[in-house]
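Scroll down for the structure; my scribbles are underneath it.
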Amino acid sequence: MIRLYDGGVYLNAQAGIIPDGPEAQQSLAKAGINITKEAASDATMAWSVLESHNTSGSKEKLKIRFDKLTSHDITFVGIIQTARASGLERFPIPYVLTNCHNSLCAVGGTINEDDHMFGLSCAKRYGGVYVPPHQAVIHQFAREMMAEAGGMILGSDSHTRYGALGTMAVGEGGPELVKQLLSQTWDIDRPQVVAVYLTGTPRRGVGPQDVALAIIGAVFGNGYVNNKVMEFTGPGVANLSADFRIGVDVMTTETTCLSSIWQTDETIREFYRIHGREECYKQLKPGDTAYYDGCVYVDLDTIEPMIALPFHPSNALPIRELKANLEDVLAETEKRAKISFGDSVKFSLRDKIIDGRLYVEQGIIAGCAGGGFENICDAADILKGKDIGSGVFTLSIYPASMPIYRELAVNGRMADLVEAGAVIKTAFCGPCFGAGDTPANNALSIRHSTRNFPNREGSKVQNGQIASVALMDARSIAATAANKGFLTGADELDVEYTRPAYHFDSKIYANRVFDSHGRADLSVPVQMGPNIKDWPAMPPLPQDMLLKCVSEIHDPVTTTDELIPSGETSSYRSNPLGLAEFALSRKDPAYVGLAKEVQKAQKAIEGGEDPCAAFPEIAPVLEAARGRFDTKDLGIGSVIFAVKPGDGSAREQAASCQKVLGGWANIANEYATKRYRSNLINWGMLPLLIDAGELPFAKGDYLFLPGIREEVEAGASDIRAYVFRDGDWKEVSLRMGDLTKDERQIILDGCLINFNRI
């Protein structure tokens, strides 16, 4: 059972959960509790960590300095290039560069290894840590070597979540890491905190992904924890192993929460001891009475093996329920798929029903969510003495780090899995974002990984391909594998889980990972591959802005992957203009060409030439604008509309690719995540809002924003805007939303690079 409280709650160590409301103080008094809401709000673990890292002196407007940073090889080139262009001299705090995303991707010739060598040379020059390919996925290395209770880590990957170890970690776009590298701060309003109150003990066969999917299904659609901190507490925490807690915690990203934190205990102390870092442990728990802005009550006893059907982790239901209603549930999933794909591809799931059972073609246990030691050992127990068969079904397993890989080899679990027909691969994030193990066309893959967004598994709708992923726990994937690909929940099998002890071999990293120990060596040159390009010059925000809407997306949510594809396209990550060629390619293939046409006008203005000669289409629009408005300093660019853009990945390229193609703004009903809105701002783009309902403009229309520079300078919330229709300008209502002083200046300067150069 998962229950969401309608409002805030007080949580007391003795009295339990006391809902806020007219009778709350009376209930508190009856329990002998005398505390104000403000004091109780300060008693959360989240606030204790935030307060210790806040430099603003304000309890409401926070300026956070993180203890450590981490990035992977899709993001660190752009981050360091941005920081170098902004005056980087050395890494002021520990910065770990891992190579776990494109380490197997074969597109782009020497690009991948060139970028890895760029990372190694930068770690030496600026004083960082470099983790070579195949050694560990970014988050497992952070758990093993970086996390510390009470600390804060900022990562350029959305699944930067180490709350189970007592570390408040945040996944943000690259420019926010650039700010930390330049000794600036992460500026946020004090976030709300939601308690996740755990009771009970998971049933046999239920794993962390099952608990995570049940929570995501309960809170994603209603935005219950959106941009809030999830604080895990309650008696049920003690009944979970460290690996189990980690597996739940990493999936909190899919709720769209800001971060997470868990109470810590001897189980977590033991985790640190095993990894040779017991000094990084300290006990975290809420104060005797803490106030939360909401509460998710989770009875672990009631959680069943779950499955999240395509195309979102929140499309979750018990496997038992799916099997009892196969035709109806799969038909509904096919119907929802049409929202994203229309008739461009033929997508079907019901054709996988064979004799009343659902057959899947592929199983994968991988990455920061699935590749943990306990998950793989339990899968091995299920498959010991069985086999996956010689049919279509395949099973691939990616241990999350080389230390885990070694221990599986030493304790024999790897041999059991290989004998059953599984393929064991090295640490790699590819299956999670479409750079490895792409299924066959119209195949269904079951995965213990983080996401199952459209095309996230690597298929290309623009090429007439479609495959799909359902998320499941490693145990149920292994049970399905034991049944030769027919969907099976782990609770359907009678298995004795052996739970072998884990032994961490620190020599693996000591022998291979480069650690500068914070010492910069400016004599080391940065190694630049031919694909690594500088960011193009970006002008400051002009006084007036003429924008053409070049894409219009009405899906309920637009993911980062739909704004800039993941997978093999990410090989071009170190070349801003090269990567931009793929922007919106899976969602709106016409976008790049349309944006480039509009950009011709802006480039003409910057070159002192006539924009109408460069882009003749704009002549009548510009004439009408000059006839209506007193235009002085004019900029011309593109804008996209999406209902709710930015769910998912933290990759800044979703915004920067638009910017290098001449984009000046997004218009949305709301932004799915803070990190996507921050990416827009840091690349000098206007994060505009419009009320939900009938859209007063369409793709191909022009919007004029007179005096936009002055409005940003003044901190205006309502933005004057006009759409050109039927030869005249019609006013539309746009809003900006709150911006800090620095965020306004970044937009005015044109981007974060300019902000730091000026």
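Every read-out reported here was derived from the displayed coordinates using simple, explicitly stated rules and does not represent laboratory data. Being a predicted model, the structure only gives us computed values, none of them experimental. When we count neighbours, we look across all protein chains shown, and the Cβ atoms used for this are built from the backbone with ideal geometry, even at glycine.
Of all DSSP bridge pairs formed entirely within region 306-501, close to 35 percent run antiparallel. If you plug the beta carbon distance of residue 302 and residue 730 into 1/(1 + (r/R0)^6) with R0 = 35 Å, you get a FRET efficiency near 0.05. When peptides 370-382, 516-528 are ranked by their average number of other Cβ atoms within 10 Å per residue, the highest-first order is 370-382, 516-528. Dipole check for region 306-501: with +1 at the C-beta of Lys and Arg, -1 at the C-beta of Asp and Glu, and the Cα centre as origin, the magnitude is about 540 Debye. Straight-distance candidates among the lysines for linking to residue 600, with alpha-carbon spacing under 17 Å and chain neighbours fewer than 8 residues away dropped: 548, 659. Across the chain, the relative contact order, built from alpha-carbon pairs under 8 Å that are at least six residues apart, equals 15 percent.
When peptides 176-188, 252-264 are sorted by average Cβ neighbour count within 10 Å, with the highest value leading, the order is 252-264, 176-188.
Count Lys and Arg as plus one, Asp and Glu as minus one, and take only other residues whose Cβ is under 11 Å from that of residue 176; the net charge is then 0.
Using r as the Cβ-Cβ distance of residue 56 and residue 714, and R0 as 30 Å, what FRET efficiency do you calculate, to the nearest 0.05?
On the way: r = 23 Å, r/R0 = 0.76.
It comes to 0.85.
Cross-link pairs exceeding 19 Å in C-alpha to C-alpha distance, out of 335/484; 61/674; 68/507; 282/507; 59/282, comprise 335/484; 68/507; 282/507; 59/282. Take every DSSP beta bridge whose two residues both sit in region 544-757; close to 45 percent of them are antiparallel. The label point for residue 623 and the one for residue 331, both projected 7 Å from the Cα toward the Cβ, are 5.7 nm apart.
Multiply the residue gap between residue 344 and residue 183 by 0.36 nm, knock off their C-alpha separation, and tell me the result in nm, one decimal place. Walk me through the numbers on the way to the answer.
Working: separation 161, 0.36 × 161 = 57.96 nm, distance 4.80 nm.
Full extension of this stretch gives 53.2 nm more.
In the chain, the DSSP beta bridges split such that about 40 percent are antiparallel, to the nearest 5.
Quick one: of 338/644; 63/124; 63/533; 596/699; 644/699, which pairs are farther than 21 Å apart, Cα to Cα? Intermediate values should be presented prior to the final figure.
On the way: 338/644 18 Å; 63/124 29 Å; 63/533 32 Å; 596/699 15 Å; 644/699 17 Å.
Result: 63/124; 63/533 exceed 21 Å.
Net charge near residue 142: determine it from the other residues with C-beta under 11 Å of the C-beta of residue 142, scoring Lys and Arg +1 and Asp and Glu -1. Walk me through the numbers before you get to the answer.
Details: positive: 68, 143, 161; negative: 144, 148, 157.
Net local charge, residue 142 excluded: 0.
Ignoring everything except DSSP H segments at least 4 long, calculate the 222 nm mean residue ellipticity for the chain; use -39,500 (n - 2.57) per segment, divide by total residues, nearest 500.
On the way: 29 runs with 243 residues, N = 758.
It lands at -9000 deg cm²/dmol.
For the peptides 270-282, 572-584, the ranking by packing is 572-584, 270-282, with the highest mean count of neighbouring Cβ atoms within 10 Å listed first.
Would you work out the charge dipole size for the chain about its Cα centre, treating the Cβ of every Lys and Arg as +1 and the Cβ of every Asp and Glu as -1, and quote it to the nearest 20 debye? Present the calculation step by step, with values, prior to reporting the outcome.
Details: 75 positive and 95 negative charges, 210 e Å.
Computed charge dipole of the chain: roughly 1000 debye.
Using only side-chain charges placed at the Cβ, +1 for Lys and Arg and -1 for Asp and Glu, the dipole size of region 699-758 relative to its Cα centre rounds to 140 debye.
Relative contact order (percent) for region 380-515, with alpha-carbon contacts under 8 angstrom and 6 or more residues of separation? Let's see the in-between values first.
Values: 211 pairs, mean separation 36.0, N = 136.
Across region 380-515, relative contact order equals 26 percent.
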